[in-house]
Structures are given as structure tokens and as C-alpha cells.
Amino acid sequence: MDIQIFKDNKVIANLIENSKSDVYEITDEVLKKNFIILFEFVSDYAECISGPLKECKQRIRGRQLNLTFKNSNFYLSSSPCAHFLYENKNQAIKNNYIYKDFSVDQFPKTIKNYLEDLRTENFFNDEEIEERKLLIENSGKLIVNYIEDKNNLERKNIKGVYLYGNPGIGKTTIFKTLANEAAKRDTKVFFCTAPDIIEKCKEQFSKNSVSSIPYINQMKKADILFIDDFAGEMVSSWTRDNLWYIILNYRMNRKKLTFISSNFTLYELDKIYNINKNNKEIELMKVARLKERITTLTTFATLNGKHSKRT
């Protein structure tokens with residue numbers, strides 16, 4: 001068979017061209033010497049373009065056949081093809097979520113994307129844009145500093161954020177963005193919406209003791225915890241004392257970075273979590289110890305905006 005079939009392959013042609021300035025130039029003799037491996041390559045080679053994996057034409061779906069040249073010899077290898085990368089472009093972020101109740105593929109934004117979209121989406125006025133820009137940039141710095149220092153057992157307590165604001169003005173979007181940013185930086189993240197995770201914990205509670213509920217243990221131990229819509233659940237003494245207090249107390253004692261969003265101020269939590277009106281003093285003490293954990297773990301921030309931006 002004529003070696004021209006090798007020269008007509010664009011990958012081999014590119015290797016030939018690049019070798020002209022190398023000590024080991026790819027000559028016709030070199031091509032003939034490597035005939036078997038080159039024939040295998042041109043027989044199996046297919047080039048993928050970005051798109052669904054089902055359109056992949058590789059012999060091994062998702063794996064692109066590669067050819068390299070070194071010291072007068074050709075070598076075959078493989079790597080993820082364009083179709084695989086298209087469907088798994090967010091895999092690095094997904095791998096670092098212990099738990100999340102949203103789709104990263106549907107919401108892959110990190111801080112850079114969020115800032116780029118702030119002015120183009122036309123959701124916010126200039127004042128609201130600047131407020132969100134400052135909040136997410138400062139929170140991003142907190143996350144970066146925490147990750148860089150997470151192996152330092154003597155580290156100072158880096159506070160997260162308790163983000164208060166009206167419903168539908170972007171609190172969840174900001175938290176998802178920050179969570180993706182943290183996960184992208186190879187740290188373990190737990191992101192939950194309070195009412196939803198409580199229902200899941202109750203399901204596990206029917207099979208386990210409180211101390212062995214997997215979700216509770218994961219929330220306690222995650223590098224970074226995001227609790228969205230805090231106090232939006234059906235409040236009970238169990239959620240207050242056996243869920244939130246246990247989790248936040250554990251994280252406070254171990255200086256773990258925590259972010260909480262809510263439609264309620266810290267002052268309003270007094271009313272929400274004051275459950276048993278017949279034991280006023282005890283109830284006030286229990287609410288106070290919960291709030292103490294929150295204020296130790298987070299800094300209070302208000303996100304302004306009166307109208308929902310949801311469509």
C-alpha cells in the first residue's frame with residue numbers, strides 16, 4: 001500500500017510539517033518503518049465536533065484516537081473526544097458536590113459568568129447591579145481564601161454570609177453561582193434548599209437515628225455549606241434543635257465556611273422559631289443559641305430589590 005494514504009491524513013501531515021525543524025524528521029523511510037501503527041491510525045481515525053455523544057463516530061464512543069511522534073517512532077493514545085467534552089463540560093464541578101438540588105448543566109454559572117451577565121440580562125438597575133457585583137466578588141474572595149487555608153487547623157474563623165432579601169430578587173442565583181465557583185476549585189460542597197432537605201432528612205429519620213442520618217452528617221462535614229431559603233420550612237422543634245442547631249454547632253466549632261439565605265431577618269427568626277408559647281423562657285434560650293451559631297458563622301447582608309425578577 002502506498003504511504004501517500006498517511007500523508008493525506010491531516011493529523012499525520014501536521015506531524016510531518018512540524019518535524020521539519022526537529023532532529024527526528026518524519027521522512028518516507030520513517031513512515032514505512034511505522035507502517036503498521038500508521039495504518040491502524042488512519043483506519044480508525046475519526047474527528048469529532050462538539051455535539052451530543054450519540055453522534056460520536058469513534059470506535060470507542062467518547063474517546064478520540066490520537067497520534068504522537070517521538071524519537072523516530074509513532075505512538076497511539078486516546079483522550080476524551082469533542083462529543084464527550086460537550087456532554088461532560090461541567091463534570092469537574094459536579095464531582096465536587098456532595099449534594100445539590102439543582103442541575104449544574106442547566107445552571108453552570110461561576111462568578112465570571114455571573115458578572116458578565118449582570119448588565120446584559122436587564123433585570124437590575126445600576127444600584128442593584130453594583131450591590132450584587134460587590135456581594136459576589138467579596139464572597140468569592142472569602143471562598144478562595146478559605147480553600148487556600150482549609151488545611152490550617154489554626155486558621156481564623158472566616159465568616160460566610162447570611163443573605164437576607166425579598167423573594168425572587170436573586171439570592172438563590174447568587175448562592176448557586178458561589179457554590180459552583182467553590183466546587184470548580186476542588187472543594188466539597190453541599191447545596192440545599194431548607195424545606196426540601198428537611199423532607200429528605202425526615203425520610204432518612206424513619207430508617208436511622210438522628211446521629212446517623214446521612215444528610216445531616218454530610219451537611220456537618222462539607223467543606224462549604226449553602227442553605228437556601230432558611231426558615232422557609234414548616235418550623236418545628238425538631239428542625240430547630242435536632243437539625244439546624246446540631247449542624248451549625250458542629251460547623252461553628254470546626255470553623256467551616258457556611259452561607260445562609262433567607263426571606264427573614266435575624267430579628268424575625270425570634271418569632272419564627274419561638275414555637276412552644278407555654279415555655280417562653282426555654283424557647284427564647286433555644287432560639288438564642290441557634291442565632292448565636294448563625295451570627296458566629298456568618299455576617300449579615302441585605303440584598304435590595306422589591307420586585308421578583310423571576311419569569
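Identify the residue in region 51-82 that is surrounded by 13 or more Cβ atoms within 10 Å (Cβ to Cβ) and of a type in the set (Gly, Ala, Ser) and, among all such residues, is farthest from the chain's Cα centre (by Cα). Filtering first and then ranking leaves Ser72. The set of residues in region 167-187 being under 15 Å from Asp117 (Cα atoms) and of a type in the set (Gly, Ala, Ser) consists of Gly170 alone.
Only residues that are surrounded by fewer than 16 Cβ atoms within 10 Å (Cβ to Cβ) and over 16 Å from Thr68 (Cβ atoms): list them for region 1-30, please. Hits for region 1-30 are Met1, Asp2, Gln4, Ile5, Lys7, Asp8, Lys20, Ser21, Thr27, Asp28, Glu29.
Looking across region 253-296, the residues that are out of contact with any Phe, Trp or Tyr (no Cβ under 8 Å at 6 or more places or on another chain) and of a type in the set (A, V, I, L, M, F, W, C) come down to Leu269, Ile275, Ile282, Leu284, Met285, Ala288. Among the residues of region 251-290, those identified as within 23 Å of Tyr146 (Cα to Cα) and in a helix (DSSP H, G or I) are Arg251, Met252, Asn253.
Conditions (1) in contact with a Cys (Cβ under 7 Å, 6 or more places away or on another chain); (2) in the same structural domain as Arg185 (by the TED database); (3) open to solvent by less than 60 Å² (accessible area, probe 1.4 Å); (4) at pLDDT 95 or above, marked per residue:
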{"position": "Ala222", "(1), (2), (3), (4)": "no, yes, yes, yes"}
{"position": "Met234", "(1), (2), (3), (4)": "no, yes, no, no"}
{"position": "Trp238", "(1), (2), (3), (4)": "no, yes, yes, no"}
{"position": "Tyr250", "(1), (2), (3), (4)": "no, yes, yes, yes"}
{"position": "Thr258", "(1), (2), (3), (4)": "no, yes, yes, yes"}
{"position": "Ser261", "(1), (2), (3), (4)": "no, yes, yes, yes"}
{"position": "Tyr273", "(1), (2), (3), (4)": "no, yes, yes, no"}
{"position": "Glu292", "(1), (2), (3), (4)": "no, yes, no, yes"}
{"position": "Thr296", "(1), (2), (3), (4)": "no, yes, yes, yes"}
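Let me spell it out: the conditions are (1) free of Cβ contacts under 8 Å to residues at least 24 places away in the same chain; (2) open to solvent by less than 40 Å² (accessible area, probe 1.4 Å); (3) over 25 Å from the mean Cα position of the chain (by Cα), and Ile213 meets all of them except one. Which number is the exception? Here Ile213 clears every test but (3). Might you let me know whether region 278-286 holds any residue that is hydrophobic (A, V, I, L, M, F, W, C), within 23 Å of Tyr97 (Cα to Cα) and modelled with pLDDT under 95? No: zero hits. Could you go through region 227-238 and let me know if any residue there is part of a helix (DSSP H, G or I) and more than 19 Å from Gly160 (Cα to Cα). Checked against the condition, which is being part of a helix (DSSP H, G or I) and more than 19 Å from Gly160 (Cα to Cα), region 227-238 yields at least one hit.
Every residue in region 83-96 that is under 19 Å from Asp186 (Cα atoms) and either of a type in the set (Asp, Glu) or open to solvent by less than 80 Å² (accessible area, probe 1.4 Å) (or both), please. Once the filter is applied, which keeps residues that are under 19 Å from Asp186 (Cα atoms) and either of a type in the set (Asp, Glu) or open to solvent by less than 80 Å² (accessible area, probe 1.4 Å) (or both), region 83-96 yields Asn88, Asn90, Gln91, Ala92, Ile93, Lys94, Asn96. With a requirement of 3 or more residues that are surrounded by fewer than 17 Cβ atoms within 10 Å (Cβ to Cβ), the helices (runs of 4 or more DSSP H) lying completely within region 97-191 that satisfy it span 111-118, 126-148.
When Ile227 is tested against (1) touching a residue at least 60 places away in the same chain (Cβ under 8 Å); (2) open to solvent by less than 10 Å² (accessible area, probe 1.4 Å), exactly one condition is not met: (1).
Summed over region 45-96, the residues that are touching a Ser or Thr at 6+ places or on another chain (Cβ under 9 Å), more than 19 Å from Ile16 (Cα to Cα), polar (S, T, N, Q) and outside any loop (DSSP other than H, G, I, E, B) give a count of 1.
The values are calculated or read from the model by the stated rules, or taken from the named source; none is laboratory data. In this text the structure is predicted, and so the values were computed from the model without any measurement. Positions of Cβ are backbone-derived with ideal geometry, glycine not excepted, and every protein chain shown enters the neighbour counts. Quick note on the areas: whole protein, heavy atoms, side chains included, nothing else; ligands and nucleic acids left out. Shrake-Rupley method; radii C 1.70, N 1.55, O 1.52, S 1.80 Å.
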